[in-house]
1. So which pairs qualify, if the first residue must be in the range 100-127 and on the phi > 0 side of the Ramachandran plot and buried (at least 17 other Cβ atoms within 10 Å of the Cβ), the second must be modelled with pLDDT of 90 or more and not in a strand (DSSP E or B), the Cβ gap must be under 9 Å, and the two must be at least 6 apart or on different chains?
2. Taking Asn15 as the residue in question, decide whether it is assigned to a loop (DSSP other than H, G, I, E, B), free of Cβ contacts under 8 Å to residues at least 24 places away in the same chain, farther than 16 Å from Asp111 by Cβ and open to solvent by 40 Å² or more (accessible area, probe 1.4 Å).
3. Kindly establish whether Gly92 is in contact (Cβ under 8 Å) with a residue 40 or more places away in the chain, within 23 Å of Ser5 (Cβ to Cβ) and open to solvent by less than 50 Å² (accessible area, probe 1.4 Å).
4. If a residue has to be open to solvent by 60 Å² or more (accessible area, probe 1.4 Å) and either assigned to a helix (DSSP H, G or I) or among the hydrophobic types (A, V, I, L, M, F, W, C) (or both) to count, how many in the range 38-69 make the cut?
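The values are calculated or read from the model by the stated rules, or taken from the named source; none is laboratory data. Everything numeric in this text was worked out from a predicted model, so none of it was measured. Every residue, glycine among them, receives a Cβ derived from its backbone with ideal geometry; neighbour counts consider all protein chains shown. In case anyone asks, the SASA skips ligands and DNA or RNA and just uses the protein heavy atoms, side chains included. Shrake-Rupley method; radii C 1.70, N 1.55, O 1.52, S 1.80 Å.
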Amino acid sequence: IFTTSLAPVLVVNLNAGKTYMAAAGTGGGPATAAVMQVLNAAFVDGLDLEEAVIRPRQFAEGPYLFLEPDADDSKERLKQQGYTPIDAPGMGRVNAVFCPSGIPDPTPRCDQRTDPRGFGLSLGQQQ
């Protein structure tokens, strides 16, 4: 049902000259939504990168709402809102590097994660 796509993202503050996150999502239509959900979990909800990447995903397409098995939303509540919930395990795979203080930084603290839904690779170097 989903076509192949890639959703690369860099989160940069040009005024400060810092880069905070580099991420890429794959997996068709849900790829972009998956990357945005990881960014939201890390920057807005304050989750560490591992929690942000493994968090259950959702993807809406028209009246259909695709949900991973552990998604929080109640299917009955979604039906009342006009959605047709559909179980869809393993939507959108995201690999990311996240540096909360930004880089360059004298003592950068960066984390990298590979999405367990796929077969990607994310590497980093410890100082």
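1. Gly102/Ala16; Gly102/Gly17
2. On the way: assigned to a loop (DSSP other than H, G, I, E, B): yes; free of Cβ contacts under 8 Å to residues at least 24 places away in the same chain: yes; farther than 16 Å from Asp111 by Cβ: yes; open to solvent by 40 Å² or more (accessible area, probe 1.4 Å): yes.
So Asn15 passes the test.
3. Yes.
4. Counting residues in the range 38-69 that are open to solvent by 60 Å² or more (accessible area, probe 1.4 Å) and either assigned to a helix (DSSP H, G or I) or among the hydrophobic types (A, V, I, L, M, F, W, C) (or both) gives 6.
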